[in-house]
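Below is one structure, written out as structure tokens, with a few remarks after it.
The values are calculated or read from the model by the stated rules, or taken from the named source; none is laboratory data. All figures in this text were calculated on a predicted structure; none of them were measured in a lab. Don't worry about glycine lacking a Cβ; one is built from the backbone with ideal geometry, like all the others, and counts go over all protein chains shown. Note: accessible area is taken over every heavy atom of the protein model, side chains too, but ligands, DNA and RNA are not part of it. Shrake-Rupley method; radii C 1.70, N 1.55, O 1.52, S 1.80 Å.
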Amino acid sequence: MRHDEGSVDNFLNEYLADPKRRPLLIGAAGFDPRSLIFPRKIADLAGDRTKAIALREERDDAPEELVASGNKHEQAFRDMFGSAEMIQAAIFADDLAVVGGRKFVAELNKVDLTGFSDIFLDVSSISVGVYYPVFSLLLEKSAHLGVNLHLLLASNPNSDRRAVPTYSDRIDSPHGMAFESDMIGDARPPNEGRLWLPQLRLNTNAECARIFDAVNPDDVCPILPFPSRDPRTADQIATGFAAEFDVWGVDPRSVLLASDYNPLDIYRSIIRLSQARRHVFGETQSSIVLTPMGSRATAVGMLLAAYELRLPVISSEVLGYRWEPEVLPAEDRLTHLWINGPIDTVAVVDTSEVNPQSGTQTG
């Protein structure tokens with residue numbers, strides 16, 4: 001089930017008004033100002049009933065202004081929730097092996113979820129390499145315990161583009177998201193049809209080229225943002241990747257367009273694409289590999305599809321960020337996804353689709 005824009009506030013106001021609700025909020029204490037949007041709302045509505053945990057990602061040589069911003073947001077998080085807990089973890093080991101996702105999962109796995117009615121995972125300012133495995137952990141545990149799982153997102157493509165990442169040279173999967181361990185390397189099943197779905201963003205040509213070489217796909221369907229706050233963005237990205245499209249053999253009809261604000265847009269596209277490939281390939285093995293690298297809403301939709309269909313996720317972890325000046329102001333758009341658990345009548349604002357195989361609820 002999905003709530004968008006004003007219906008998010010309506011849902012939270014009515015749903016958390018019930019004094020029997022005991023929420024667990026898992027968010028972030030990062031440099032992105034979106035990290036405080038949902039904590040403020042939940043603190044106002046159910047602060048005294050809420051256990052709050054903030055994740056703090058540590059990267060070496062982070063710019064001082066981003067560290068200062070993270071410290072400010074961490075203190076604000078603590079002020080909102082008197083018993084707030086902070087979990088800090090380095091994303092990289094000394095040899096630049098990616099360990100952050102695994103560390104956060106290990107720490108969150110120690111949290112006793114019994115007694116909570118709802119878990120709210122706010123991914124507005126958590127990196128893909130962290131919230132992908134954290135989501136998987138929470139979905140499995142909440143389903144086992146019968147606890148409602150909600151995913152919260154404040155999407156803003158302009159903010160996503162302002163946070164310019166520098167990627168590691170290593171190609172890997174977020175912790176627990178490999179699903180098929182032989183997606184990188186020379187060994188391949190006979191007659192396998194391998195399709196790569198990279199979410200493209202400006203100036204990531206070198207990173208995408210490395211992932212292409214590692215995945216070695218038979219076909220490529222790039223994902224471009226449309227509709228978007230700036231309608232020129234998709235064209236700009238496509239123009240910037242013109243040389244790569246030639247090397248990858250991209251058919252213009254194979255490009256996937258995904259909303260910059262609605263996670264379920266790309267989710268549904270991937271589900272339909274998977275169904276179509278099963279019809280074509282039959283018993284012959286057909287693999288779809290996902291690479292999230294662009295706007296947060298689309299990356300969330302890719303996560304839902306990856307988890308439901310057990311699709312491998314291949315990416316590069318972010319070494320660090322720089323924060324670019326704001327060029328095209330845009331408002332944060334709020335999204336609530338009810339992922340798992342029995343739907344309360346209070347929540348029925350939009351129509352919903354329930355997938356009985358995964359337990360996830362989308363609409």
Open item on the list: Residues that are in contact with a Cys (Cβ under 9 Å, 6 or more places away or on another chain) and of a type in the set (S, T, N, Q): does segment 288-300 have at least one?
Closed with: yes
Open item on the list: Can you confirm whether Val111 is in contact (Cβ under 8 Å) with a residue 40 or more places away in the chain and either under 30 Å from Asp18 (Cα atoms) or more than 22 Å from the chain's Cα centre (by Cα) (or both)?
Closed with: yes
- [ ] Look through segment 77-90, keep the residues that are closer than 15 Å to Gly27 by Cβ, open to solvent by 30 Å² or more (accessible area, probe 1.4 Å) and among the hydrophobic types (A, V, I, L, M, F, W, C), and return whichever of them is nearest to the chain's Cα centre (by Cα).
- [x] Met86
Open item on the list: Quick test of your reading of the structure: Arg59 fulfils all but one of (1) among the charged types (D, E, K, R); (2) within 30 Å of Arg2 (Cβ to Cβ); (3) surrounded by fewer than 24 Cβ atoms within 10 Å (Cβ to Cβ). Name the failing condition by number.
Closed with: (2)
TODO: Quick one: count up the residues across segment 114-148 that are in contact (Cβ under 8 Å) with a residue 60 or more places away in the chain, part of a helix (DSSP H, G or I) and either of a type in the set (S, T, N, Q) or surrounded by fewer than 20 Cβ atoms within 10 Å (Cβ to Cβ) (or both).
DONE: 3
TODO: Of the conditions (1) of a type outside the set (S, T, N, Q); (2) at positive phi; (3) open to solvent by less than 30 Å² (accessible area, probe 1.4 Å), Phe179 clears all except one; give me its number.
DONE: (3)
TODO: Of the conditions (1) in contact with a Ser or Thr (Cβ under 6 Å, 6 or more places away or on another chain); (2) buried (at least 18 other Cβ atoms within 10 Å of the Cβ); (3) at pLDDT 95 or above; (4) among the charged types (D, E, K, R), Glu74 clears all except one; give me its number.
DONE: (1)
Task: Top-ranked residue in segment 263-317 [being of a type in the set (A, V, I, L, M, F, W, C), within 14 Å of the chain's Cα centre (by Cα) and part of a loop (DSSP other than H, G, I, E, B); ranked as nearest to Gly176 (Cα to Cα)] - done: Ile314
- [ ] Six or more apart or on different chains, Cβ under 8 Å: which pairs go from a residue in segment 299-320 that's free of Cβ contacts under 8 Å to residues at least 60 places away in the same chain to one that's surrounded by 21 or more Cβ atoms within 10 Å (Cβ to Cβ) and of a type in the set (Ser, Thr, Tyr)? Could you list them?
- [x] Gly301/Tyr267; Leu304/Tyr267; Leu304/Thr360; Leu304/Thr362; Ala305/Tyr267; Glu308/Thr360
TODO: Of all residues in segment 229-262, count the ones that are buried (at least 21 other Cβ atoms within 10 Å of the Cβ) and not in a helix (DSSP H, G or I).
DONE: 4
Task: segment 1-50: number of residues that are open to solvent by 50 Å² or more (accessible area, probe 1.4 Å) and outside any helix (DSSP H, G or I) - done: 6
- [ ] Please work out which residue is farthest from the chain's Cα centre (by Cα), limiting yourself to segment 47-66 and to residues that are modelled with pLDDT of 95 or more and among the hydrophobic types (A, V, I, L, M, F, W, C).
- [x] Ala52
TODO: Can you tell me which residue among Ala93, Ala163 is free of Cβ contacts under 8 Å to residues at least 60 places away in the same chain, small (Gly, Ala, Ser) and either surrounded by fewer than 17 Cβ atoms within 10 Å (Cβ to Cβ) or over 23 Å from Met1 (Cα atoms) (or both)?
DONE: Ala93
Task: Odd one out for Gly101, checked against (1) touching a residue at least 60 places away in the same chain (Cβ under 8 Å); (2) buried (at least 18 other Cβ atoms within 10 Å of the Cβ); (3) not in a helix (DSSP H, G or I) - done: (3)
- [ ] Pick out the one residue from Leu304, Leu309, Leu256 that is at pLDDT 95 or above and farther than 15 Å from Arg2 by Cβ.
- [x] Leu256
